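Have a look at the structure below, then the notes.
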Amino acid sequence: MEREERYLELYLDRCSAQDDLAPPGLPPLSPVAPYDVYVCNSSNPEAVFNSHLEEVKEITGGFSAVDLSFLPDELTQENKDQTVVRSKGEDEENCKTQSPPSKLPLPSQQDAGLGLTSSSSSDSHSHLQPGDANSGQHTPEKPDSLPLASIAPMTPMTPVSEGSEIVPQLQNIVSTANLACKLDLKKIALHAKNAEYNPKRFAAVIMRIREPRTTALIFSSGKMVCTGAKSEEQSRLAARKYARVVQKLGFPARFLDFKIQNMVGSCDVRFPIRLEGLVLTHQQFSSYEPELFPGLIYRMVKPRIVLLIFVSGKVVLTGAKDRSEIYEAFENIYPILKGFKKA
Amino acid sequence: MNNTAASPMSTATSSSGRSTGKSTSFASELQSMLFSLGDSRRPLHETAVLVEDVVHTQLINLLHQAAEVSQLRGARVISPEDLLFLMRKDKKKLRRLLKYMFFRDYKSKIVKGIDEDDLLEDKLSGSNNANKRQKIAQDFLNSIDQTGELLAMFEDDEIDEVKQERMERAERQTRIMDSAQYAEFCESRQLSFSKKASKFRDWLDCSSMEIKPDVMAMEILAYLAYETVAQLVDLALLVRQDMVTKAGDPFSHAISATFIQYHSSAESTAACGVEAHSDAIQPCHIREAIRRYGHKIGPLSPFTSAYRRAGMAFLAC
């Protein structure tokens, strides 16, 4: 108990010194190790405070001077004598004292002041064990008796553990490239296999290759659009093949500025979705006009992707420049869709 | 009792010269549409026939007025501009129409990007189709706008209350359905006049007219027909709610119609008619709704709408 109080005072002194942003006049005790760390990082009190919490919780048996009001009464009772001790310490630190059983205000104010989120302090809370120096031993058990359910995260984030096991498949990739030379479309159309050219309808040659199965629009300026590939590599390979075809026909074609313009992916969540509910709650992002189009059009802001969501559970994602955007968009929408599952 | 209510409409129908044996009838599609808009699971056939009648009459009248406008500007076809001109008085409905047109543009843009064949088709067609409707609407409203309030509608982002109420009603309806019923509901929602464009064209029967509507004008007419049906359902539901007498509640009129429906749907019985389906909208509801809509109330009512001179209050505009 004595040791506890000693550690506590040391810790609180340190906190107060930190407040003043002046180097503490405390002898460096090895248990509270990062003293030198503290000195160097005095300009970054927040990080130090965090590391303090970690150290303190490991070494002093988890007693850190932070807000325990969330704990149920039996636990706070155990801390009561300690809170009494603490309140003395608080006076030094110039904080508002409140009734001991309820709160320890200063550290929580420090929390606020240093911008800690309550989730990080709650993490340290979860390891609190009143009156026991051997935190290591007790840390595994204690969390069972602590009401972890009452620790609520501040930001309404979807829990990471519930990731969907579904991976969207890429269906179509549109890319452009520059062959960097003027082309005679008529000559290309005459000599190349699988090429269409109808100048009255459209001012480009439409060429197709079988492997990878793609279609290209080749313009007289030398620019080219390649569609139909199912992966980035295939799109690049196909574009190169078209460039080679043009080269073989005698033009000085090069392969410049290959860029993927659009990627389309699709997947199936395998449950029916109640779109009326989704369009009502996510009004600012969704449009649903079943007379015009059977799918709900969802414009996600981050990442900037358009999703077409159908009643059957099929989802089409488009507008991506990179594969990761499609995956991210799907992971974002999946929990929302689960909420509107039609049983 | 209902004859006087029906008389302005029945005279209109007789004047439209419609034969009793019409070849094309949308009655069955209308029954599905009524279900998707908030009616019961099996809407009455009589209601569908009556609604078809009303919509047909109103559309024919609208077409005639649009043809007049078209003639005024010396055009050979009825184009979307004429219809937009007729709707200029009612901002909310005009805004809804504009939003519909923009959504059509947006949807074709997206769907084009997904399917590579569509992309090629679009390129081959040569014209720049993106935002075609939006451009037309913007140019036209620009030309007729005197006070700037029409153009302000493009930036306006207010919530459309009517649409909101419809969305909420649909959401409430679907919440209690199981997945089979919900699949049926979704299919009904996808029905529209624009899906059956050729049948719609025949049904409208513009052959007797000198000036005919072009493709985009037909799109808008199909939309207006659907809007008319939706308006009729909204009003009929209100009328039905009013008909249920609730003892002791002085503010029953002030509470929103959909709210009451939700809470007392179990108790609401048909106030008129002895039909077995107590939930379905009855023809008397529709007639009463039209009567109230066309009823001139207030000192300035003769001057409020120019279209009433035809004896008809248009539901869609």
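Starting from residues that are farther than 26 Å from B:Met153 by Cα and open to solvent by less than 10 Å² (accessible area, probe 1.4 Å), keep the ones in segment B:54-100 and report whichever is farthest from the other protein chains (Cβ to nearest Cβ).
Going through the qualifying residues, I end up with B:Thr57.
Is it true that A:Ile297 is touching a strand residue (DSSP E or B) at 6+ places or on another chain (Cβ under 8 Å), more than 10 Å from chain B (Cβ to nearest Cβ) and open to solvent by less than 10 Å² (accessible area, probe 1.4 Å)? Please lay out each step first, then the result.
Numbers: touching a strand residue (DSSP E or B) at 6+ places or on another chain (Cβ under 8 Å): yes; more than 10 Å from chain B (Cβ to nearest Cβ): no; open to solvent by less than 10 Å² (accessible area, probe 1.4 Å): yes.
Against the criterion (touching a strand residue (DSSP E or B) at 6+ places or on another chain (Cβ under 8 Å), more than 10 Å from chain B (Cβ to nearest Cβ) and open to solvent by less than 10 Å² (accessible area, probe 1.4 Å)), A:Ile297 does not qualify.
Out of the residues in segment B:101-116 meeting the condition of being buried (at least 18 other Cβ atoms within 10 Å of the Cβ) and among the basic types (Lys, Arg), tell me which one is nearest to the chain's Cα centre (by Cα).
Among residues in segment B:101-116 that are buried (at least 18 other Cβ atoms within 10 Å of the Cβ) and among the basic types (Lys, Arg), the one nearest to the chain's Cα centre (by Cα) is B:Arg104.
A quick yes/no check of all residues on (1) under 24 Å from A:Asp322 (Cα atoms); (2) within 14 Å of another protein chain (Cβ to nearest Cβ):
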| site | (1), (2) |
| --- | --- |
| A:Ala204 | no, yes |
| A:Arg240 | yes, no |
| A:Gln247 | no, no |
| A:Asn262 | yes, yes |
| A:Phe271 | no, yes |
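What do you reckon, is A:Lys314 within 13 Å of chain B (Cβ to nearest Cβ) and open to solvent by 50 Å² or more (accessible area, probe 1.4 Å)? So that I can check it myself, show each step before the final result.
Values: within 13 Å of chain B (Cβ to nearest Cβ): yes; open to solvent by 50 Å² or more (accessible area, probe 1.4 Å): yes.
So A:Lys314 passes the test.
Is it the case that segment B:143-161 has a residue that's in contact with a strand residue (DSSP E or B) (Cβ under 7 Å, 6 or more places away or on another chain) and within 26 Å of B:Glu81 (Cβ to Cβ)?
Step one: of segment B:143-161, the residues in contact with a strand residue (DSSP E or B) (Cβ under 7 Å, 6 or more places away or on another chain) are none.
No; the residues of segment B:143-161 include none that is in contact with a strand residue (DSSP E or B) (Cβ under 7 Å, 6 or more places away or on another chain) and within 26 Å of B:Glu81 (Cβ to Cβ).
Which number in (1) out of contact with any strand residue (DSSP E or B) (no Cβ under 6 Å at 6 or more places or on another chain); (2) closer than 12 Å to A:Ile173 by Cβ; (3) within 13 Å of another protein chain (Cβ to nearest Cβ) marks the one condition that A:Val225 misses?
Just one mismatch for A:Val225, condition (1).
Evaluate the following for B:Ala222: is it more than 20 Å from A:Phe293 (Cα to Cα), within 14 Å of another protein chain (Cβ to nearest Cβ) and assigned to a helix (DSSP H, G or I)?
Taking the combined requirement at face value, the residue does not satisfy it.
Answer with yes or no whether B:Glu227 is open to solvent by 20 Å² or more (accessible area, probe 1.4 Å) and charged (D, E, K, R). So that I can check it myself, show each step before the final result.
On the way: open to solvent by 20 Å² or more (accessible area, probe 1.4 Å): no; charged (D, E, K, R): yes.
No; evaluated as a whole, the condition is false for this residue.
Counting only residues that are under 33 Å from the mean Cα position of the chain (by Cα) and farther than 19 Å from A:Ala238 by Cβ, which one in segment A:163-211 is most open to solvent (accessible area, probe 1.4 Å)?
Residue satisfying both the conditions and the ranking: A:Glu165.
Name the residues in segment A:329-343 that are open to solvent by 50 Å² or more (accessible area, probe 1.4 Å) and not in a helix (DSSP H, G or I), would you?
Matches in segment A:329-343: A:Lys341, A:Ala343.
Looking only at segment A:275-294, how many residues end up being part of a strand (DSSP E or B) and within 7 Å of chain B (Cβ to nearest Cβ)?
Looking only at that region, the number is 1.
Out of everything in segment B:163-182 that is hydrophobic (A, V, I, L, M, F, W, C) and surrounded by 15 or more Cβ atoms within 10 Å (Cβ to Cβ), what residue ends up being farthest from the other protein chains (Cβ to nearest Cβ)?
B:Met177
Please pick out the residue among A:Phe219, A:Phe271 that is in contact with a strand residue (DSSP E or B) (Cβ under 8 Å, 6 or more places away or on another chain), within 30 Å of B:Arg169 (Cβ to Cβ) and surrounded by fewer than 18 Cβ atoms within 10 Å (Cβ to Cβ).
When all the criteria are applied, what remains is A:Phe271.
Which of the residues belonging to segment A:318-341 are within 14 Å of chain B (Cβ to nearest Cβ) and either within 25 Å of B:Ala170 (Cβ to Cβ) or free of Cβ contacts under 8 Å to residues at least 40 places away in the same chain (or both)?
Matches in segment A:318-341: A:Gly339, A:Phe340, A:Lys341.
Only one residue in A:Phe271, A:Phe251 is more than 30 Å from B:Asp157 (Cα to Cα), in contact with a Lys or Arg (Cβ under 7 Å, 6 or more places away or on another chain) and not in a strand (DSSP E or B), so which one is that?
Details: A:Phe251 fails: in contact with a Lys or Arg (Cβ under 7 Å, 6 or more places away or on another chain).
Within the list A:Phe271, A:Phe251, the selection yields A:Phe271.
How many of the residues in segment B:176-193 are free of Cβ contacts under 8 Å to residues at least 24 places away in the same chain and hydrophobic (A, V, I, L, M, F, W, C)?
5
The values are calculated or read from the model by the stated rules, or taken from the named source; none is laboratory data. These numbers come from a predicted model, not from an experiment. Using ideal geometry, Cβ is built from the backbone for each residue, glycine included, and neighbour counts are taken over all protein chains shown. For the accessible areas, the whole protein counts, side chains as well, though only heavy atoms, and no ligand, DNA or RNA atoms are used. Shrake-Rupley method; radii C 1.70, N 1.55, O 1.52, S 1.80 Å.
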